[in-house]
Structure formats: C-alpha cells, structure tokens
Amino acid sequence: VVHTVKEMRALRKELGGPVAFVPTMGALHSGHLSLMADAASENTSVVASVFVNPTQFGPGEDFNRYPRQLDRDVALMRDAGSVSAVFAPSVEEMYPSKPAPHAFFVEPQGLRSNLESIARPGHFRGVATVVSKLFNIVQPDVAYFGQKDAIQCLLIQHMVRDLNFPVRVHISPTKREADGLAMSSRNAYLSADERRVAPTVYRSLQAAEAAFRGPQRERRVAALRSATLEVLEREPVLSVEYVSVADLATGLEVATDLVPESGALLSLAVRLGKTRLIDNVVLREREREQSKRKGEGDGAAADDVMWLWAML
Ligand code: AMP
C-alpha cells in the first residue's frame, strides 16, 4: 500500500505487464472485488486505488460521511489475492494546496445533456479530472470500470478517445445482491426498512426490460419510462430523480422510439431517505436467446457488456 505519487511511480516500474488498474472510492464490496478478479484474470499485475475524490461531490452531497475504511479494504484485497499494489493518496497529495492551489481540471462537454450529468453538476468534471490524474500516475495498460456506473463508463471511453490516453477501457457487469439490488458502498446508509424497499429499483428496470423483450416489443421511450415509473411509484418512500433512456454510444437522451439495432441504456436515480441510488440495464435486440439456449447462465449479462464495450 502506497500513499504518495512518488512511491506509486517507483512501484509501477517494478510491475510486470500488462498492468491493469481498478479505481475505487473504497468501502469495498463484492462488485469492486469482481472487477479486481476480472483484472487479475486477464493481466499480470493489478493496481487498485482507494480515494474518496472531493471534486466529484457537489455541495450538500455525502463527501464527509462517505465510508472510509482503508484497513478493512486492504484486508479484503489481501484475502482475495488479485491486487499487486494499492494506491491510497491523501486529498493533499492529489490536490496540492501549496505553493499554488491545484487549478487544472478536465471538463467533459459531450455528456452535458445526459440526465445524470444534469442531476449532479460538476460530478463528471471531478470524475474525469481524478481519473486522468490516476491514469497519469499509475500508467495502466487497461482500466476496469463497472457497468453499475454506465454513464461514467461512457465518459471514460470518450475521454480516453478524445485525450488520447494509451489505456484500454474494460467494462465488467453489475454485481447484485440476491434480491437484485445493485451492490454499492452507499447501500450501507440504508435503514432496515429502506433496505427492504431498495430491490424495487432493479425490479422497475426489469419491468421495462420485460416490455422491451416481451410480445409487445415495446420501443416507445415514453412507454418504457412509464413501465419503470409504474413500479417505482408503488413505493411512496422512493422519490424518483430521473428515468433516462439514452443512446448507448453518445449518452444522449433518445427522443421518441428506440432504433432496434442501436439499443439504449435505461438508467435511473432515486432517493430512498437520504440515500441516492442509481442502476441501469441495457436494452437491445441481441443474441441473448442463443446463449440462453446453450445454458450459459451469465451469457446474457456478459453479452450486454461486451456489446456496450464494442460500441464505444
Ligand atoms: P466506486 O468505489 O463506487 O467509485 O466504484 C469503483 C468502481 O467499481 C467503479 O468502476 C464502479 O462502477 C464499480 N462498481 C461499483 N459497484 C459495482 C457493482 N455493483 N458491480 C460492478 N461494479 C461496480
């Protein structure tokens, strides 16, 4: 475990390639560990970072109360055995205040009309900035991100292309609890009652997915959104921030009907008490039925992710 840029750079020189990188904000769960396992299975070395990045939190968001538990995270990574090095810098190390304050940022322009981007002003600027810095420090060959944060995946894909980072981006499928709730460090904020309601979020996405795939083959954006909202609205404690149907390649909202071959990302953000939850599914026509027939359990999910990756 290293804490400074200098130590990380020295360590990087010792690592055998290809080197994979898994950026996280810590409070690790099985979703993070599966990214690290994927990274280890395809690369010689894996670097993980643990950094709660202040620039991606807006005023009034949960930066101060975000769970910080580096010792536990390191123990989890040690037990899992997929990570060669952990970079856990301080805020001052990443954003020096002296002699002059840190003053350069990476400003994404393309996703400004995406609903997640609108809901969290400045968030993706903070993400793009910290990921750029981490890429420059760690210099990975490939970086692993989770589909759980699908718009973030798109953002990083676009950034790597537009700023010519020599990094390949890999997207791993969303890991879920047995009841469907997407794993997230923020799930720790949920009370027992809220936790019981939380699986409704994924169920609402599944309702739209069923309409998309079912006999009616629903392709109208308004109807897909209604199918999602109808399920969410059955739980009055859930307050919906947005339900988005966005083009998979551009991240921009689809206006009326889905084009069968290009597919879409159905994503949403809700508030459950003080906790903000996000989740998404990919809607598209695909060879899923094929992999199902062959009895490949996870074929469908993996197929979606690979396709998302291939699109970008
Ligand atoms: P975070 O620590 O929440 O910033 O997440 C670090 C990385 O783990 C990001 O690439 C996330 O998309 C990914 N991640 C978070 N939750 C999950 C999950 N449930 N399944 C798969 N990947 C995840």
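Give the angle, between 0 and 90 degrees and rounded to the nearest 10, that separates the Cα long axis of helix 70-80 from the longest principal axis of the Cα atoms of the chain. So the helix axis and the longest Cα principal axis differ by about 80 degrees. Figure note: D73, D257, D247 ranked by solvent-accessible area, largest first, 1.4 Å probe, ligands and nucleic acids not counted: D257, D247, D73.
These residues, H123, H29, go from largest to smallest accessible area, 1.4 Å probe, as H29, H123. For the chain, a crude dipole built from +1 on the beta carbon of Lys and Arg and -1 on the beta carbon of Asp and Glu, taken about the Cα centre, is about 300 debye to the nearest 20.
A cut-off of 5 Å between modelled amide H atoms, ignoring neighbours fewer than 5 places along the same chain, links R176 with M183.
Our summary gives segment 118-180 a relative contact order of 37 percent, counting only alpha carbon pairs under 8 angstrom and 6 or more residues apart. Per-residue ellipticity at 222 nm from helix content only, as computed over the chain with -39500 (n - 2.57) for each DSSP H run of at least four residues, stands at -11500 deg cm²/dmol. According to the square roots a ≥ b ≥ c of the eigenvalues of the Cα gyration tensor, what is the shape class of segment 112-179, taking rounded for a/c under 1.5, prolate for a/b larger than b/c otherwise, and oblate for the remainder? Verdict is oblate for segment 112-179.
The accessible surface of segment 154-241, taken with every protein chain in place and a 1.4 Å probe, is 50 percent carbon and sulfur.
Here the chain was treated as a single set of alpha-carbon atoms; its pair distances binned every 20 Å from 0 give 31, 60, 9, 0 percent. Roughly what % of DSSP beta bridges within the chain run antiparallel, to the nearest 5? Roughly 55 percent of the DSSP beta bridges within the chain come out antiparallel. Based on C-alpha pairs under 8 angstrom that are at least 6 apart in sequence, segment 181-287 has a relative contact order of 27 percent. Residues whose amide H comes within less than 5 Å of that of T250, counting only those at least five positions distant or on another chain, are absent (H built at 1.01 Å from N in the peptide plane). Computed from backbone phi, the HN-Hα couplings of segment 62-67 come to 8, 3, 5, 9, 4, x Hz, rounded to whole numbers (Karplus: 6.51 cos²θ - 1.76 cosθ + 1.60, θ = phi - 60°; Gly and Pro given as x). Ligands, DNA and RNA excluded, the heavy atoms of T256 present near 90 Å² of accessible surface to a 1.4 Å solvent probe.
If you count Lys pairs in the chain whose Cα atoms are under 26 Å apart, skipping same-chain pairs closer than 8 places in sequence, the total is 11.
The angle between the Cα long axis of helix 299-311 and the longest principal axis of the Cα atoms of the chain comes to about 70 degrees, rounded to the nearest 10. Helix 200-213 axis versus longest C-alpha principal axis of the chain: approximately 60°, rounded to the nearest ten. If you add up the charges near R72, with Lys and Arg at +1 and Asp and Glu at -1, over every other residue whose beta carbon is less than 14 angstrom from its beta carbon, what do you get? Once positives and negatives cancel, what remains is -1. Pairs of Cα atoms nearer than 8 Å and 6+ residues apart set the relative contact order; for the chain it is 16 percent. Amide H to amide H distances under 5 Å link R168 with V142, A143, where only residues 5 or more positions off or on other chains count and H is placed in the peptide plane. Phi-derived couplings, Karplus 6.51 cos²θ - 1.76 cosθ + 1.60 at θ = phi - 60°, listed residue by residue for segment 26-36: x, 6, 5, 9, 5, x, 4, 5, 6, 4, 5 Hz, with x used for Gly and Pro.
Note on the chain: with a GNM built from Cα contacts shorter than 10 Å, the maximum mean-square fluctuation among L272, L15, L134 falls on L15.
The values are calculated or read from the model by the stated rules, or taken from the named source; none is laboratory data. What you are looking at is a predicted structure, and each value in this text was computed from that prediction instead of being measured. Here Cβ is always computed from backbone atoms with ideal geometry, including for glycine, and neighbour counts include all displayed protein chains. Just the protein is used for accessible areas: all its heavy atoms, side chains included, with ligands, DNA and RNA removed. Shrake-Rupley method; radii C 1.70, N 1.55, O 1.52, S 1.80 Å.
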